[in-house]
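Inspection log for the structure reproduced underneath, given as C-alpha cells.
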Amino acid sequence: MTIGTGTNTWGYFPFRYRYLYVIIILRRCAMKKINILLTVIMILSVLIGNIAFAAEPIKVYVDNSRLDMEVMPQIQNGRTLVPLRAIFEALGAELNWDPGTRTVTGTKDGTVVTLTIDSKIAYINGSAKELDAPAVIVSGRTMVPARFIAESLGAQVGWDSNSKTVLVNSDINEIMLYKIVRIIDGDTLVASKNGAEETVRLIGVDTPEIFVNGQQVNDPQAVAALEYAKAALTGRYAELELDIEERDQYGRLLAYIWLDGIMLNKVLLENGIASVATYPPNVKYLEEFTALESIAKEKKLGIWGNPLPQPSEPVSNLFVIDKTKALSGPIGDPETAQYKGSIKSDKYHKLYYTHPGQISEENLIYFESLDHAIMNGYKPCGYCF
C-alpha cells in the first residue's frame, strides 16, 4: 500500500494506521527544519570565522623594526596596551619582576621605572606619574599604555590608525636652535642655522594657501595667516622640535616651533589661524591639536568665523650685560623670565632645569626671551636642549 498525501490515498488508508502516517510526516518536517537550522549555523560559523580572521592585528615597530611578541597589543577602553618587557628590552632596558608585590622595575642609562600591576601610578626615578590606564597582566605578560613608554624612557610613540601600528622611536626628540629668515606662508618658513638655510614645514597644522599654482591668491584668511607668522617669527630665534619622520616628500624639514616656551603650532590652532593636518607617524601632539581646534571652532575664531588675532609685539627694551665689569646677581626679573643663565658662563638654561650644577644666587641672570639670551651672547645648554 502506497503512503501518500493525496485525498484518495488518505481515504483508502486504514484508520488504525493513520496515526503512523502522521508521525512519519511530522518526522520528515522536523528533519527538514533541523537540516535548515544546521545549515544556518554552519553559514554563520564561516562568516564569524572569516570576520575574526580578517581582523588586522596591532603591529609594533621599534626603531623601524617590527617587533615579534608572544602577546599581541590590545585596545582596551580606547587605550592601546602594549607588552612592556618586549618593547623595553628592544629599547635596551633591563627588567626585573617581583612576584610578591607584583611590581616591575626597568632600568636604562640611570633611569629607573617602577610600576605595580592594576595601579595607574608609576614611578620614574622616584617621581610619580599617572598612566592613561593601569598596568594589567595578559597571558602572563605585563601590558601598559603605549604612551607610558614615551614618558618613562623618553622614546617617541606614534599610532597609525589605518594600519593599526604602534611606532616607537628611541631617538629623543632633537630640539635645534634656528633663526627665522623669512616666511613663505602661515605654516611654511625658511630658517637658518650655522649659515645653512632650511625650508621648514610646521607639523600637524595647515593654514590657507597664499600661493596656488605659483600665483598669489587674494584670500583674506591666507594673507592674515601670513602676516601673523611674519610678525611673530621674522628675525627671531626659535627652537625646532622634530618628530619621528624628519622630512616630507618635498625635502622640507618637519618641525614643531617653540618661541620662549610656547609652541607656535598650538598658537595657530587655538586662535583659529590653522586647522589640524596631522600625518602618521608624526602624531605626538595630535590629541592636543584636535582639542585646540575644537575650542577654536566653538568660539568661531579666525578661519572658523571671526577676524584673526594680532601677535603681541616683542619686547624691545631688554638689557645687555657687560661681562667686563664686576657683576652680582640675581640680574633680571624671575617673574617674567623664560630662561636663565650664569654670569660666569655662556650657556642659557630652561627656567626650571634639574640637571647637576645649579647656579648660585649671586651668579644668576634671567632672560625675558630666547632672543634676549642670544642678544647677550648665550648659547643653549647641552643638557636642557
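Here, each number is a calculation from the coordinates, and none is a lab measurement. Treat the numbers as computed from the prediction; the structure is a model and nothing was measured. Methodologically, a virtual Cβ is constructed for each residue, glycine included, from the backbone with ideal geometry; neighbour enumeration extends over all protein chains shown.
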Förster-model FRET efficiency, 35 Å R0, T103 and K59, C-beta, rounded to 0.05: 0.75
5 angstrom amide H check on Y348, placed H, neighbours 5+ away: K379, C381
Stretchable slack from D118 to S139, in nm (0.36 nm times residue separation minus alpha-carbon distance): 6.1 nm
Under the Debye formula (equal points on every Cα, no solvent term), log10 I(q)/I(0) of the range 175-304 at q = 0.13, 0.14, 0.18 Å⁻¹: -0.50, -0.58, -0.98
Cα point-scatterer Debye curve for the range 176-226, base-10 log of I(q)/I(0) at q = 0.14, 0.20, 0.26, 0.29 Å⁻¹: -0.39, -0.71, -0.98, -1.08
Integer Hz, Karplus 6.51/-1.76/1.60 couplings in order for the range 69-82, x for Gly and Pro: 10, 6, 10, 7, x, 9, 10, 10, 6, x, 10, 8, 9, 10
Amide H contacts under 5 Å for N282, placed H, 5+ residues apart: E245
Pairs beyond 20 Å (Cα-Cα), from K179/K347; K129/K164; K230/K266: K129/K164
Ordering of 200-207, 121-128 by packing [mean C-beta count within 10 Å, highest first]: 200-207, 121-128
FRET efficiency estimate (nearest 0.05) - Cβ-Cβ, E70 to W304, R0 45 angstrom: 0.40
